[in-house]
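Heads up: the structure comes next, in structure tokens.
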């Protein structure tokens, strides 16, 4: 068994690598800027980062990479990537050929969920749903310590389901970049919270400022967050009714809103098809490091 597990988080602005020992202890971490819009330069940067890390540590390891998209099961090419230069490219094949070993790829939300399930906030739980609430909305599912990919490689992509039980205040259904209307992402991403607050108050505020003002008894900000929590509760309840996870871990910028952990159980519970609500909704143990750690744990 390899003594070294390398995880890489391939983001739109930065590439981060981490080296873990089998017990999950961090041995090394490095970060470089992502070459903008250049696939070949991105591949070279990934290869150089792996080789430099292994040279520093004096040993080779397994390689897992979290990407902002997914690998098509039909073609092996990258699809649904926010970093558009990756779309239609054979990223895994190119990396395997250059590094002369197997490389495992997974969606970055799946890596987040895996990290928290292995040795984070969801450790020991049979089913963990990892939620990303940031500039977009995504998710990953881990069952018994393994990422659930699914028949179409889209397991966990709850952000592009329609918002359940829309009420008058949710209408008209907003357009989503995916071509549909009323997607969960259009209501629950960070920019959506800012837009909704502006619609009701005329003030353009970032989510953290809305939260700060709500804590200072600004009723307009409090009302915006209550609308957000009600929508998030409905959206999560639809997932809970199918997966029934023991733990839901929130990630992304909005996961830093502490009030969510107090208020969401009641917001979800009223829509869950059960007389009890036992799923725990928790913040991530590893914070912004969960993605890169989860990439390393693809070899767990």
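Bear in mind that the values in this text are calculations on the coordinates, not laboratory data. Values in this document were obtained by computation on a predicted structure and should not be read as measured data. In this analysis, Cβ positions are derived from the backbone assuming ideal geometry, glycine residues included, and neighbour counts consider all displayed protein chains.
Things worth noting here:
- Cβ crowding within 10 Å averaged over residues, with 21-32, 128-139 ranked highest first: 128-139, 21-32
- Simple spin-label estimate for residue 178 and residue 199 in nanometres, 7 Å along Cα-Cβ: 1.9 nm
- Using 0.36 nm per residue and subtracting the Cα-Cα separation, the extra length available between residue 223 and residue 168 on full extension is 18.3 nm.
- On Cα atoms only, tilt of 259-269 relative to the major axis of the chain in degrees: 70 degrees
- Spatially, the stretch 156-223 and the stretch 132-151 are offset by 22 Å when compared through their Cα centroids.
- Computing Rg and Dmax of the Cα atoms in Å for the structure here picks out one of (i) 19.6, 61; (ii) 18.1, 51; (iii) 22.0, 68, namely (i).
- Residues within the reach of a label modelled at residue 87 (point 7 angstrom out along Cα to beta-carbon, backbone nitrogen below 20 Å), restricted to the stretch 136-168, are 136-139, 152-155, 157-161.
- Packing, as the average of other Cβ atoms within 10 Å across residues, places the peptides 34-44, 103-113 in the order 103-113, 34-44, highest first.
- Taking the DSSP beta bridges with both ends in the chain, the antiparallel portion is around 60 percent.
- Percent RCO, i.e. relative contact order, over the stretch 124-284, from Cα pairs under 8 Å lying at least 6 residues apart: 25 percent
- Estimated FRET transfer efficiency when R0 is 25 angstrom, pair residue 258-residue 14 (beta carbons, to 0.05): 0.40
- C-alpha center-to-center spacing [the stretch 51-123, the stretch 259-297] in angstrom: 25 Å
- Calculated FRET value between residue 285 and residue 206, using beta carbons and R₀ = 25 Å, to 0.05: 0.50
- Helix axis angle, 219-243 relative to the chain longest principal axis, alpha carbon, degrees: 60 degrees
- Degrees, to the nearest 10: 190-201 long Cα axis against longest axis of the chain: 20 degrees
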